[in-house]
1. Could you give the length gained on full extension between A:Tyr387 and A:Lys149, defined as 0.36 nm per residue of separation minus the Cα-Cα distance, in nm?
2. May I ask you to give the solvent-accessible area per residue for region A:92-147, in square angstrom, as obtained with a 1.4 angstrom probe?
3. Using the crude model of +1 on Lys and Arg Cβ and -1 on Asp and Glu Cβ, and no other charge, please compute the dipole size for the protein assembly as shown relative to its Cα centre, in debye to 20.
4. What span do the alpha-carbon atoms of the protein assembly as shown cover on each of the three principal axes, reported in whole Å from largest to smallest?
5. Across region A:264-279, in residue order, what do the Karplus-derived ³J(HN,Hα) couplings come to in whole Hz, using 6.51 cos²θ - 1.76 cosθ + 1.60 with θ = phi - 60° and x for Gly and Pro?
6. On average, how many beta carbons from a partner chain sit within 10 Å of the beta carbon of a residue in A:191-200?
7. On a C-alpha basis, how far is the centre of region A:181-250 from the centre of region A:315-335 in Å? Whole number, if you could?
8. Between A:Leu106, A:Ile143, A:Leu16, whose Cα lies farthest towards the positive end of the dipole of chain A when Lys and Arg beta carbons carry +1 and Asp and Glu beta carbons carry -1, centred on the Cα centre?
Amino acid sequence: MTDNVKKHETPLLDELLKGPWPSFVKEFKTLQDKKAVANDLLGQLEYSYKTKLGYWKHGGIVGVMGYGGGVIGRYSSLAEMFPAVKHFHTIRVNQPAGWFYTSKALRTLCDIWEKRGSGITNMHGSTGDIVFLGTNTEELEPIFEELTKEGFDLGGSGSNLRTPSCCNGQARCEWACYDTMGLCYDLTQTFQDELHRPQFPYKFKIKMAGCPNDCVASIARSDLSIIGTWRDNIQMDQSAVLKYASDGLDIQKIVVMNCPTKCLDWNGKELKIDNSNCVKCMHCINVMPKALAPGKDRGATVLLGSKAPIIEGAMLSSVLIPFIKLEPPFKELKDVIGRIWEPWAEHGKNRERIGEFIERVGKGNFLEEVGIDPVPEMVKHPRENPYIFYDEYLEDE
Amino acid sequence: MSDELKINVEGVGELAVDEDGFIEDPGKWSEAVAKHLAGTEGVTELSEDHWKLVNYLRNYYMEFNIAPMIRKLCKETGFNLKKVYELFPSGPAKGACKVAGLPKPTGCV
Ligand code: HEM
Ligand code: HEM
Ligand code: SF4
Ligand code: SF4
């Protein structure tokens, strides 16, 4: 920052420095002397607090050659007061699967961003991407060139496939029922065109969790949620169960009573599981990780349709395929993905998420288009209204 | 406001554009304007295929007051997405719609 530019006073924002929690104000202030953009960002936010109005314009269209997504264009409407944030574009950078970096890779990213942008990052955004906050239109091509030279690429934005993201699965977690990172990388490579060149009615997110704990919250945050599961019996070590009991764990109260389908039985000496009624909620395994583990016949459940509320309310994903084996090259899964995109891309309305589309056309019609037979696992909740007539009834008459 | 941006098109004069370079008044569009805007999107020469796409967009916009969805565009022009990006490397929304003088497509994140 040049000397003749004054540091903005921020008495209201400074309130956010009080208290024991982390504060973005503190982080921005570490850059305030170095970066005019950080100073003006604080200035504009303070001004917003004073007037209780927002001053960011929505809906810029900027990007790099060859791609239709990856950059979110934003402009300040107070450019005269805060010239350094006149442009404040966000760049999404495709994160490595499972968010593993070498420190060298992190330094490379930060060096590029400090040179060509605000230096402010969000690791990571809700899409999973590395988020670079705040740069000018002129810097976009140079940033893209420097990132790709180092082996990075932009992520998705707009009406395209968003950057697929996954839990760190088998890299760190013994509960992973498939190789989430392997699948995430593979899907990212397979669907490069869908990722960079918007061609859908609206965004499409894929998130992969290795087990039903769903550490990436795929069931609530992705149109396509791929959640690891098993179809044989929970693996159990009775002696380790007894050890938990002798160490003071109240198995009856903490484990058995909290099983959602009441399929556990504990007599003080032995734990029994009625596996046919287990819904794989992970509760017993989470409480006794040394004694219990997911079964050996592992794969995933594929669910469809979740989204956050914008126009319609929030939705959770619901079952499309109860169990699928996931081994490279993941042919069956990719085939299904192509088939679910087809009717939605063809008949979806502008800005209609796939979950909303299925609600509108009806799940039956959707399944017919996709060529998947309905199964009981797809039922979201039992029927409540007896005055429903099924197709067969009507045909009989 | 400081963001009253203008472009100067030969034979046409000054035209107001927004900060992303889209012309503010779609009624002021002409072929000369299209040629000028193409230059800002990395297109040096407008071929017959470029015009086919541009004219399709303009006609669609005049009829429906909105830009077509991308799938429709591909189907009706016979260009696949790859071809569209070959013609307009900055893409159908930022490139082709801008050159066709359509208002900026609604921003999406
Ligand atoms: C008083 C002001 C602010 C408040 C109270 C606030 C609050 C929040 C909250 C609660 C989240 C969600 C965190 C999470 O669930 O992980 C969030 C995310 C975020 N914030 Fe802020 N924020 C503020 C200012 C800012 C500013 C000034 C910027 C940018 C310059 C910013 C950029 C972001 C980004 C990029 C995310 C991540 C969004 C995502 O992951 O979906 N925030 N903020
Ligand atoms: C009416 C105003 C706005 C609405 C309704 C809105 C809505 C949204 C939504 C729905 C997302 C999530 C998109 C996704 O799933 O990819 C998002 C992300 C984002 N928005 Fe906004 N937004 C608004 C204004 C702004 C403004 C003024 C800025 C910046 C100056 C901004 C910066 C961002 C950024 C950086 C993200 C990406 C966060 C991430 O990927 O972690 N938005 N916004
Ligand atoms: S979702 Fe399951 S497999 Fe993935 S990290 Fe979490 S607990 Fe482990
Ligand atoms: S995983 Fe959940 S449903 Fe299955 S036995 Fe354990 S607690 Fe019960």
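The values are calculated or read from the model by the stated rules, or taken from the named source; none is laboratory data. Since we're looking at a predicted model, the values are computed, not measured. Glycine gets a Cβ as well: all are built from the backbone with ideal geometry, and neighbour counts include every protein chain shown. All accessible areas refer to the heavy atoms of the entire protein, side chains included, with ligands and DNA or RNA removed. Shrake-Rupley method; radii C 1.70, N 1.55, O 1.52, S 1.80 Å.
1. Separation in residues times 0.36 nm, less the Cα-Cα distance, equals 79.4 nm.
2. The answer is 44 Å² per residue.
3. Details: 60 positive and 70 negative charges, 258 e Å.
For the protein assembly as shown, the charge dipole is close to 1240 debye.
4. 91, 70, 45
5. Listing the rounded values in order: 10, 9, 10, 10, x, 10, 9, 9, 10, 10, 8, 4, 5, 9, 6, 9 Hz.
6. Taking all residues of A:191-200 together, the mean is 3.
7. Taking the Cα centre of region A:315-335 as reference, the centre of region A:181-250 is 11 Å away.
8. Toward the positive end, the furthest listed residue is A:Leu16.
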